[in-house]
Ligand SMILES: [Zn+2]
């Protein structure tokens, strides 16, 4: 840039000097123009690069925000694009899940299928025959 300023100064000086050869003056002027246009191309390319970079950062930031606020239940923070999120349903209870329960009397572990537990039936321990859930009697 300083180089171009210096050339512009020199050009102005040449214009003010009656002994300047017009061809020399034109040559210097075109040289400066060439430099200027090259610099403009450079800057346009840089600007394009910068724009792509900023867009990438913007996308990454949006991803980060999504990940960061995913669990935060803030009703104010709805998706603005109308992609209405399904209201969160209560977590479905897996009825086929197995649970282990240790008999409070003998400690024998009994494995239940959650769906098969019938507390009305007062299940008894297979080891000692006592009630598995005595508090429910
Ligand atoms: Zn028992």
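Here 57, 117 are placed in order of increasing Cβ neighbour count within 10 Å, fewest first, which gives 57, 117. For the pair the range 101-125 and the range 29-45, the centres of their Cα atoms are 85 angstrom apart.
Simple spin-label estimate for residue 130 and residue 42 gives 8.9 nm between the two label positions (7 Å along the Cα-to-Cβ direction from each Cα).
Here each label is just a point 7 Å from Cα along the line to Cβ, and for residue 64 and residue 100 those points are 4.3 nm apart.
Throughout, read-outs are computed from the coordinates displayed, never taken from laboratory work. Because the structure is predicted, anything quoted here is derived from the model rather than measured. When we count neighbours, we look across all protein chains shown, and the Cβ atoms used for this are built from the backbone with ideal geometry, even at glycine.
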